[in-house]
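The values are calculated or read from the model by the stated rules, or taken from the named source; none is laboratory data. Remember, predicted model here, so these are calculated numbers, not experimental data. Cβ coordinates were reconstructed from backbone atoms using ideal geometry, including for glycine residues, and neighbour counts include every protein chain displayed.
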Amino acid sequence: MTDPDFFSVVHAQRACREFTDAPVDDDTIARILDAAVRAPSAENKQPWEFVVVRDERTRAAIGALMTRAWETAGRAFSRDRIPPAMLADVEHGMTVGIAAAPVHVVVGADTHRGLDVTAAESIYPAVQNILLAAGAVGLGAALTTIALGYGEELRALVQLPAHVKPMAVVPVGHPARRLGPSRRDPFAAHTHRERYGTPWDPTGGSGPDQGPVGSV
């Protein structure tokens, strides 16, 4: 398999919340997780712990936690914050799509091996590497944290010990539909030269056109 250009992967990376039932082999998951552990971590403590979940019942139970969190709070929180099409996509993911992914990677932070206060600085760069690596091998993935609303139940499902803090669930699999490129504001729209308020490009240029914001 030929790896695509890094910047092509970055420009194409977006959340996948609907998957086929095609399996993903252990060698591919190993390759993705090897990319994850190349991420930076606070004090190089590497506190990440990954639980690769394939069992259908466990995946369904994780999906049920997401559905409960969405229906009790997530939907109401998001309804007036995101466009209707995105809301529908997220709703489908939370209630159906993500549970169907053939692999769930539950990501935890070992608080014995790293400080709780710096867990995010270590874990989420590793998760971003998972997302990029999945895209590089033709798979879809998404960073989800909604199940953390029921963190103790998530902990019990995958038997995380008390010192390993659940931080994310990343579904990985073959996308059920073509996602297309991400749509983002040009970087120059949010970049300043030397001090806030001074445009990156005083001549009015906006850099490469990356399309409108509003997609994840």
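For the criterion of being in contact with a strand residue (DSSP E or B) (Cβ under 7 Å, 6 or more places away or on another chain) and either touching a residue at least 60 places away in the same chain (Cβ under 8 Å) or buried (at least 22 other Cβ atoms within 10 Å of the Cβ) (or both), LEU139 passes. You will find that of ALA73, ALA60, ALA88, ALA64, the residue that is aliphatic (A, V, I, L, M) and either in contact with a Ser or Thr (Cβ under 8 Å, 6 or more places away or on another chain) or touching a residue at least 40 places away in the same chain (Cβ under 8 Å) (or both) is ALA73 and no other.
Taking residues in segment 157-185 that are closer than 20 Å to ASP116 by Cβ, and partners anywhere that are outside any loop (DSSP other than H, G, I, E, B) and acidic (Asp, Glu), the pairs with Cβ atoms closer than 9 Å and at least 6 places apart or on different chains are LEU160/GLU49; PRO161/ASP110; HIS163/ASP110; VAL164/GLU49; VAL164/ASP110; LYS165/ASP110; LYS165/ASP116; PRO166/GLU152. Do any residues in segment 99-111 that are within 25 Å of ALA42 (Cα to Cα) have Cβ atoms under 7 Å from those of residues that are among the acidic types (Asp, Glu), where the two are at least six apart or on different chains, and which pairs are they? Partner pairs satisfying both residue conditions: GLY108/GLU49; ASP110/GLU49.
Only one entry of ALA133, ALA61, ALA73 meets the criterion of being aliphatic (A, V, I, L, M) and either in contact with a Lys or Arg (Cβ under 8 Å, 6 or more places away or on another chain) or within 28 Å of SER8 (Cβ to Cβ) (or both), and that entry is ALA133. The residue list PHE77, PHE50, PHE6 contains one member that is within 24 Å of LEU160 (Cβ to Cβ) and of a type in the set (Phe, Trp, Tyr), which is PHE50. Scan segment 113-122 and give yes if some residue there is exposed (fewer than 15 other Cβ atoms within 10 Å of the Cβ), free of Cβ contacts under 8 Å to residues at least 24 places away in the same chain and not hydrophobic (A, V, I, L, M, F, W, C), otherwise no. No: zero hits. One residue stands out in segment 171-187 among those that are surrounded by 16 or more Cβ atoms within 10 Å (Cβ to Cβ) and either touching a His at 6+ places or on another chain (Cβ under 6 Å) or farther than 26 Å from VAL106 by Cα (or both): the one that is modelled with the lowest pLDDT, namely ARG184. Meeting the requirement of 1 or more residues that are of a type in the set (Asp, Glu) and farther than 19 Å from ARG177 by Cα, the helices (runs of 4 or more DSSP H) wholly within segment 1-118 are 26-36, 56-69. The residue that is surrounded by the fewest Cβ atoms within 10 Å (Cβ to Cβ), among those in segment 25-80 that are within 19 Å of the chain's Cα centre (by Cα) and of a type in the set (Phe, Trp, Tyr), is PHE50.
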